[in-house]
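The values are calculated or read from the model by the stated rules, or taken from the named source; none is laboratory data. Since we're looking at a predicted model, the values are computed, not measured. Ideal geometry is used to build each Cβ from the backbone, glycine not excepted, and the neighbour counts take in all protein chains shown. All accessible areas refer to the heavy atoms of the entire protein, side chains included, with ligands and DNA or RNA removed. Shrake-Rupley method; radii C 1.70, N 1.55, O 1.52, S 1.80 Å.
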Amino acid sequence: MTITITAFERSPDGGMGLARDTRVRWALEEAGQAYTVLPVSFQAMKEPEHLARHPFGQIPTFEEGDLAIFESGAIIFHIAQRYPGLLPDDANARARAVTWMFAALSTVEPPILDLAIAKFQEGDKPWSQDRLPLVQNRIRERLGKLSDRMGDAQWLDGDFSAADLVMVSVLQRLKPSGMLGEFPTLAAYVARAEERPAFQRAFADQLAFNTAGKAASGA
Ligand code: GTB
């Protein structure tokens with residue numbers, strides 16, 4: 001059965017890999033699964049055909065046979081459960097990896113998303129400059145604790161797993177801010193994950209997807 005995911009027709013980041021289809025592509029590459037990508041424009045995202053795939057009109061989504069799901073975390077969890085290589089076999093180790101996936105999405109990602117909102121959606125508000133340091137310090141608080149927990153470890157808990165894939169994807173969103181550089185342990189962790197061939201393939205594919213035709217059109 002063919003796996004189809006959705007992605008921005010053109011990601012606003014121009015192929016920096018920060019849109020959430022990249023983490024799904026990465027999981028599929030780690031799992032060795034071929035997939036096709038359905039590009040969706042901002043307008044099409046809010047139309048009934050896509051709303052049937054994603055109730056909030058967003059990307060990414062995942063379809064295989066009669067299964068259609070959304071939410072990058074749920075998609076990666078599904079891939080990790082269905083195919084070997086992304087979650088440990090031992091039940092307790094698997095539970096810990098799943099715990100870290102939730103921690104990445106519900107404890108680490110929210111303050112990082114808040115920074116994007118503070119900069120890009122609230123940047124012109126009169127109170128924006130007062131709020132920004134508060135948002136940044138909430139991120140520092142989380143990253144400091146994460147960095148302390150990792151110590152000298154290569155990965156969050158034993159071997160590389162879906163937990164690392166999700167956590168690194170969340171941390172990558174901080175790259176434009178430069179804040180990751182304040183935490184050398186985490187910067188090295190992200191760099192280590194990005195060296196994985198599966199990430200390299202996923203990144204190259206999304207970059208090609210987001211830049212296709214641009215040179216020819218002069219865009
Ligand atoms: N919780 C959902 C998940 O994890 O799947 C969130 C999905 C989501 O936010 N999707 C975004 C989207 O569809 C794209 S990834 N936005 C369109 C809309 O809501 O109308 C977020 C994103 C967008 C752009 C950049 N960028 O350009 O740097 C980075 C990340």
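Here is a yes/no grid of residues against (1) modelled with pLDDT of 95 or more; (2) within 19 Å of Glu29 (Cβ to Cβ); (3) open to solvent by 50 Å² or more (accessible area, probe 1.4 Å):
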| residue | (1), (2), (3) |
| --- | --- |
| Val108 | yes, no, no |
| Val135 | yes, no, no |
| Arg140 | yes, no, yes |
| Gly144 | yes, no, no |
| Ser147 | yes, no, no |
| Pro176 | no, no, yes |
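Can you tell me which residue in region 23-40 is farthest from the chain's Cα centre (by Cα), limited to those that are open to solvent by less than 10 Å² (accessible area, probe 1.4 Å) and either more than 9 Å from the ligand (Cβ to nearest atom) or modelled with pLDDT under 95 (or both)? Step by step, filter region 23-40, then rank; the result is Leu28. Here His78 fulfils each of the conditions (1) open to solvent by less than 70 Å² (accessible area, probe 1.4 Å); (2) within 16 Å of the ligand (Cβ to nearest atom); (3) in the same structural domain as Arg131 (by TED's automatic domain parsing) apart from (3). Against the list (1) under 18 Å from the mean Cα position of the chain (by Cα); (2) open to solvent by 40 Å² or more (accessible area, probe 1.4 Å); (3) more than 21 Å from Asp164 (Cβ to Cβ), the condition Arg20 fails is (3). Of all residues in region 41-56, those satisfying the criterion of being within 14 Å of the ligand (Cβ to nearest atom) and open to solvent by 10 Å² or more (accessible area, probe 1.4 Å) are Ser41, Phe42, Gln43, Ala44, Lys46, Glu47, Leu51, Arg53, Pro55, Phe56. So for region 157-168 (the condition being touching a strand residue (DSSP E or B) at 6+ places or on another chain (Cβ under 6 Å), crowded, with 17+ Cβ neighbours inside 10 Å and touching a residue at least 40 places away in the same chain (Cβ under 8 Å)), does at least one residue qualify? The answer is no, given that none of the residues of region 157-168 is touching a strand residue (DSSP E or B) at 6+ places or on another chain (Cβ under 6 Å), crowded, with 17+ Cβ neighbours inside 10 Å and touching a residue at least 40 places away in the same chain (Cβ under 8 Å).
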